[in-house]
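The values are calculated or read from the model by the stated rules, or taken from the named source; none is laboratory data. None of the values given here were measured: they were computed from a predicted structure. Here the Cβ positions follow ideal geometry from the backbone for every residue, glycine too, while neighbour counts run over all protein chains shown. Ligands, DNA and RNA are stripped out before the accessible areas are found, and what is left, the full protein with its side chains, is counted by its heavy atoms. Shrake-Rupley method; radii C 1.70, N 1.55, O 1.52, S 1.80 Å.
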Amino acid sequence: MSNPLENRFEQARTIADTVLFEGYVLYPYRASAAKNQLRWQFGVLVPPAWTATTGEHSVQRTECLLEPRDGDRLHAELRFLHVRRRTVERLDADGGYTEVPELELPDRVLVPWDEGHEERVLIHETFAELMGDQAAAHAVRFDLPDAVEYEPVADAEGRTLGRLVRRRKRLTGELRPRVEELPGPYRVLRLTVSVHNTTTAPEGAGTDRETALAHSLIGTHLLLGVPGGRFLSLTDPPEWARPAAASCRNDHTWPVLAGPPGTDDVMLSSPIILEDHPAVAEESPGPLYDATEIDEILSLRTAALTEREKREARGTDARAAGVIDLVDDMPEAVRERLHGAIRGLREITGEDLTGEPLPAAPDTGLSLPQGPGHPWWDPAQDAEATEVPGVVVIDGETVRAGSRVLLTPGARRSDAQDAFLRGRHATVEAVVGDLDGETHLAVVVDDDPGTDVRRAQGRFLYFKPDEVTPLREEEAT
């Protein structure tokens, strides 16, 4: 791989790491925390036998467009985490070992934990080799067999107190790249790369998600490079390529241009939707795993942990220990930088860029309320605002404030949060309208422990009428 491309791959890996380890360990970074009992939310590919019982998928498909230009070869890098189940054993007086729920040391408290071990699978093939019937012969298969590793645990004087035992379950998979040349005046290739978990379920294995995760690819994503060529953005393709871009099919992942703005020879296919040329904020002091945009809050909360809590976090995982050390050793100047950053600034002078006065704002005849607690637009004072009825009829049922509904968000308009709410019962708080004249239902989820707070603050979830189903009294109980 050429050095320029490898450098851009390295830059893309910085972004990819936020995908690979998103949610890896959540604040307060302890194995005992309730938030860390359900992990591995993104890019999970389970064995085919577990798709029905876990709701996860076994295949991830990336499809994108590229102009080969002077390039003739594809470089691809599949990255994912493989779960290693770690248990803790104490050294007994007779020289044997006994599994224990924790092993306390002066600087850390070791506890059982599922670690994520990074794996990579590489492809370097010419486009000619990936076309037509030849493509199948260039699929890359990988097999990670069962394995057990032992790590001794010693005190400050070097005396052995116990050991950590890490067990890895077998995981097999396949990476299938294929290239197709599209008709037209420009030489454009459609690149398809599918990632398959091909693991066969062991005889007698459970069907639950916890068992499946040990045989799964986690945080699965692809780095694609084409030295001498360029990828076309699927988010904002050239006008002539829009029909071909719209026909690309991506399942459980989304490809974006990676590397600095102005470069287009590297693409990152991520299970988390990103924009083209994503970048980590320069103010970020390091990986915090819990999120990508709230470094200040996480740092302040982590600094407030007790010494016992910090010791348990350090014993939970090496990456969690790194977070604790990062926050403990963070200089005040770095901490202050997390408070906020201005990316662009323009002075409002009443003149345009040529020095001419700006035109006066049109007189709308509206007297907008001023002061805190008032919206910038008040439909009650806008003579042209569409009147929103207090009720809406859905499937022949009248729905108004207080009605009970089943949330059925549509796949085309929903984000990930809406998808998690599918099938939940909710109560309508209001029928509202927006600036475009669309009608929405403001709702709260019935079993949400924060419902009272949401009502008091007016913080509702909003769905269109065709994204809910009215519940009759017997269904609502």
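Summary table below
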read-out: Distance from the range 10-34 to the range 171-242 (C-alpha centre basis), Å; value: 22
read-out: Computed FRET value (nearest 0.05) for residue 424 with residue 174, which takes r as the C-beta separation and R₀ as 30 Å; value: 0.25
read-out: Order by protection proxy (mean Cβ within 10 Å, highest first), peptides 264-272, 461-469, 214-222; value: 214-222, 264-272, 461-469
read-out: Residues residue 415 and residue 435, FRET efficiency given R0 of 25 Å [Cβ-Cβ distance, rounded to 0.05]; value: 0.80
read-out: Label-point separation in nm, residue 51 to residue 393, each point 7 Å along Cα→Cβ; value: 4.2
read-out: Heavy-atom accessible area per residue - the range 83-126, 1.4 Å, Å²; value: 51
read-out: Two-site FRET efficiency, residue 59 against residue 181, from Cβ-Cβ distance with R₀ of 25 Å, rounded to 0.05; value: 0.55
read-out: GluC sites (Glu not before Pro) within the range 135-235, DSSP loop, no more than 13 other Cβ atoms inside 10 Å; value: 157, 203
read-out: Extension gain from residue 160 to residue 134, taking 0.36 nm per residue of separation minus the Cα-Cα distance; value: 3.8 nm
read-out: Projected label distance in nm at residue 14 and residue 454, using a 7 Å step from Cα toward the beta-carbon; value: 3.8
read-out: The range 41-126 - percent of accessible surface contributed by carbon and sulfur, probe 1.4 Å; value: 46
read-out: Ordering of 74-85, 100-111 by packing [mean C-beta count within 10 Å, highest first]; value: 74-85, 100-111
read-out: Per residue value of the accessible surface for the range 153-215 (all protein chains in place, 1.4 Å probe), Å²; value: 51
read-out: Additional length obtainable on full extension of the chain from residue 332 to residue 249, 0.36 nm per residue less Cα span; value: 25.1 nm
read-out: Added length on full extension, which subtracts the Cα-Cα distance from 0.36 nm per residue, residue 124 to residue 242; value: 39.6 nm
